[in-house]
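Notes follow the structure.
The values are calculated or read from the model by the stated rules, or taken from the named source; none is laboratory data. What you are looking at is a predicted structure, and each value in this text was computed from that prediction instead of being measured. All Cβ positions, even for glycine, are placed from backbone atoms using ideal geometry, and neighbour counts span all protein chains on display. To get the accessible areas, we keep the full protein, side chains included, count just its heavy atoms, and leave off ligands, DNA and RNA. Shrake-Rupley method; radii C 1.70, N 1.55, O 1.52, S 1.80 Å.
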Amino acid sequence: MVLRALEFSDSISDSPWFRQNLHDHEVALDDAFKNIKLIENQCKDLIACTKKLSTAQRAFAKTLSEFKIETVGTNQTDDERFIATCLKEFASLINQVEDERMKLVGQAEESYLEPIKKFRTEAIGKTLKEEKNKYDKESSKFYSTLEKHLHLSTLRNNDFRAADAQLETQQKNFFQASLQYVAEVQSVQERMRFEFVETLGSYVYSWLSFFHVGSVIHQDFKPFLDNVQTKVLKTKENYMATNAEAEELKRKLLASHTKPGSEERRPTPSIKQGYVYMQEKSKIPKTIGRDVLLGRWTKYYCVYSRETRIFTMVSANSATKTDMKSAVAQTATFKFKSCSRRSVDSIDKRFCFDVCVEEKNDVMTMQALSEKDLCEWIDAMDGAKQNSYTAGENPSCSTYQKTLLLLLHQLLLLLSPRFRESFVAPEAANSAEAAAPVVVPSISLYWFYFWFFYEDDSDIGILTVFGRV
């Protein structure tokens, strides 16, 4: 926007065109006052955001410096040590840049914001308020005195010389105020071209200096970054080669473990380890074999060393899966004595074997995960192998039937004749065959044994066993 110049001669004449031109200058100064204030506020917001950015950058640098890259293996190579320490160098670089950024922020607050605010309030604000009010006041007094002077009548005895002197004084004051106001308006507009623009130019120059310092830091840090890039590419190539070898090794191991007959060619390892299920002790009295009645099976991770003959068991329940420290604390270690495979007619589960240790008198009955896994445990422990069965084939249940009928016969003998008659078949009640094992209704068996073992808290195990027959 181009404004007409304010002439001193026009201020003396005080024409309407001068008043309009002066008003245009006042509007321009008022717009400049508002825009400069907006620039101040935006600059403050920019400084606040810069401080937040610097805080976030320093927090990021702190996390980088504290981050540790663990090395897989026994020893670190030179490249691994270099890569492990490069994050600290990155953090140092970020902190150097942030130091320069905070210098810029400090200079902006002290050297740029204050001069801009001072120019807005003391130069533009003073001119638009104090000088303008003074000009308007003198103008109003002069024109009011002029009107009074012109209305003096010649018919009355008036002192025209005093009125003329007063008017001359008011006119002089008005001219002085008008000239001073015009000079101030012109001065502020001229000063805006160098004071305000110069301050903003210094502010922008400081930002460019900051980026220049960042470029210098980058040039100093560039050899290190190039070295990091070289070593990272080398590490990536090594990883790709190792990964290809690992895939080939996985394929070979998978083929060797899934190929039929491969287990006969594999030598017996010195350490056997894996998951097994161990049968917990039952609450049923020892007069009834716990091998016949189902018990609770608990999962363990076991390790056996043939050299030391140490058998270690680690609990593998759902609680220890999330807390391995407690699982390790519950580790049990035993001195191994012997083991043997369970015969197919001695227990109602497959892949079972018994382990004897010196610390326990009882035999620990365990279940392997498969027929192959069972053979590996037996071979590692040099155990005795009983009659086996092929995978997928169920053992005979005739032994369980005979055992259950024998138990039923013994229990019936203990009952009173009234109860025995209620459960013995009618055609055999009065014959010699009444003492022999008989087949009773399954519903009666369920009810009877539930009632009989209720006080021993073993009814669930009993019902489960007879439910399988």
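One residue is enough: does the stretch 151-158 have a residue meeting the conditions in a helix (DSSP H, G or I) and open to solvent by 40 Å² or more (accessible area, probe 1.4 Å)?
Within the stretch 151-158, none of the residues are in a helix (DSSP H, G or I) and open to solvent by 40 Å² or more (accessible area, probe 1.4 Å).
Going by the conditions given, is residue 60 surrounded by 17 or more Cβ atoms within 10 Å (Cβ to Cβ) and part of a helix (DSSP H, G or I)?
In short, no.
Taking the condition of being loosely packed, with under 15 Cβ neighbours inside 10 Å and touching a Ser or Thr at 6+ places or on another chain (Cβ under 8 Å), how many residues in the stretch 161-178 meet it?
1
Can you tell which of 14, 78, 31, 45 is among the acidic types (Asp, Glu), exposed (fewer than 14 other Cβ atoms within 10 Å of the Cβ) and at pLDDT below 90?
Selected residue: 78, the only one of 14, 78, 31, 45 that is among the acidic types (Asp, Glu), exposed (fewer than 14 other Cβ atoms within 10 Å of the Cβ) and at pLDDT below 90.
If only one of 347, 284, 288 is part of a loop (DSSP other than H, G, I, E, B) and at pLDDT 85 or above, which one is it?
347
Can you name every residue in the stretch 254-269 that is at pLDDT 80 or above and open to solvent by 90 Å² or more (accessible area, probe 1.4 Å)?
Answer for the stretch 254-269, where residues must be at pLDDT 80 or above and open to solvent by 90 Å² or more (accessible area, probe 1.4 Å): just 254.
Show the residue pairs meeting these rules: Cβ distance below 9 Å; 6+ apart or different chains; first residue within the stretch 37-65 and acidic (Asp, Glu); second residue assigned to a helix (DSSP H, G or I).
Hits for this filter: 40/113; 40/116; 40/117; 40/120.
Among the numbered criteria (1) hydrophobic (A, V, I, L, M, F, W, C); (2) under 20 Å from residue 77 (Cα atoms); (3) in contact (Cβ under 8 Å) with a residue 12 or more places away in the chain, which single criterion is violated by residue 225?
Failed condition: (3).
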